[in-house]
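A short write-up of the structure that comes next.
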Amino acid sequence: MSQEKKISVRETVYKKNDDLAEEIRKNMKNKGKLFFNIMGSIGAGKTLLLENLAVKLSTHYRVFVINGDIATTIDADRIAKHGVKTVQINTGGGCHLNANLIAKELEKINIDDFDIFFTENVGNLICPAAWDVGAQMNIVVVSITEGEYVVKKHPIIFKDAEIAIINKCDLDGLGFDSQVLEEDASKIKSGMKVICTSAKTGQGIDDFIEALGIEIPRDE
Ligand SMILES: Nc1nc2c(ncn2[C@@H]2O[C@H](COP(=O)(O)OP(=O)(O)O)[C@@H](O)[C@H]2O)c(=O)[nH]1
Ligand SMILES: [Mg+2]
């Protein structure tokens, strides 16, 4: 296949994905649903953060989580144990979720049975950046063990994100300079919210929920 032909096939595939993602986004919005896409490297703490969110949100909202991984149902099982409905997508060798995979899972459920939807994308900072899944908001999770230059090294994934989570803030003595990451994040996207969390201790989880625009009704 010629180089031009290859480029045009690739553009068509991206365009099809973007169109379907836009359809998912519109449909969710029209139905008054929230849909968030959580991305980040493997081990950054995406699943543990989602477990925290599941615990805090599920008393007030009906939450549905779509977990993406190459193999296993480990992550979906971890979230399901908190009583939240989950589905695991195994991509085989695929390094990202896409709009088609999400649409297929949404077809299997009644969207009106849920209020808030999350995807945990496949763990890496490269492929998920190119594939819109139809979420209303993208979140990138970085753990402090990944170092402060993650934004500089992976600018594309941060360009489309509204929130950058710096996770594992409970770990001391690593010499992580959060100011570098915060400055890089605001240069890449002005107004990006950067939140320090610990999915282990619960630090910053309420700030994360607030940044997602989700209100937790006060107990009477
Ligand atoms: N100390 C600490 N460990 C964490 C934190 N978040 C996750 N972990 C641990 O880091 C590892 C990877 O977490 P996981 O949620 O599976 O990451 P994922 O691959 O991004 O989904 C697990 O052993 C977690 O217990 C955190 O905030 N602090
Ligand atoms: Mg995970």
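The values are calculated or read from the model by the stated rules, or taken from the named source; none is laboratory data. Everything numeric in this text was worked out from a predicted model, so none of it was measured. Here the Cβ positions follow ideal geometry from the backbone for every residue, glycine too, while neighbour counts run over all protein chains shown. Please note that ligands, DNA and RNA were not included when accessible areas were found on the heavy atoms of the full protein model with its side chains. Shrake-Rupley method; radii C 1.70, N 1.55, O 1.52, S 1.80 Å.
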- What residue among E162, E22, E146 has the largest mean-square fluctuation in a Gaussian network model of the chain, using Cα springs under 10 Å? E146
- Message: As a quick test, which of the pairs K16/K168; K81/K168; K56/K108 have an alpha carbon distance above 31 angstrom in this structure?
- Response: K16/K168
- Chain lengthening between E107 and N90 when straightened (0.36 nm per residue, less Cα-Cα): 4.4 nm
- Task: Would you calculate a helix-derived [θ] at 222 nm for the chain, using -39,500 (n - 2.57) for each DSSP H run of n ≥ 4 and dividing by the full residue count, to the nearest 500?
- Result: -11000 deg cm²/dmol
- Rounded to two decimals, what ratio of Rg to Rh does region 117-194 give with C-alpha atoms and a Kirkwood Rh? 0.95
- Which whole-number value in Å² is the accessible area per residue of the chain, probe 1.4 Å? 51 Å²
- Quick one, what does Rg over Rh come out to for region 17-110 if you take C-alpha atoms and the Kirkwood Rh? 0.94
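Please give the per residue volume of the convex hull enclosing the alpha carbon atoms of region 3-211, rounded to a whole number of Å³.
Details: hull volume 27.0 nm³, N = 209.
It comes to 129 Å³ per residue, whole-number rounded.
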- Note on the structure: Here, chymotrypsin sites (Phe, Trp or Tyr not before Pro) of region 114-220 satisfying both criteria (DSSP loop; at most 15 other Cβ within 10 Å) are Y149
- Item | Proximal lysines relative to K33, as straight alpha-carbon distance under 16 Å, when same-chain residues fewer than 8 apart are discounted | K85
- Scan region 92-155 for trypsin sites (Lys or Arg not before Pro) in coil per DSSP, keeping those whose Cβ has at most 14 other Cβ atoms within 10 Å, and list them by number. K108
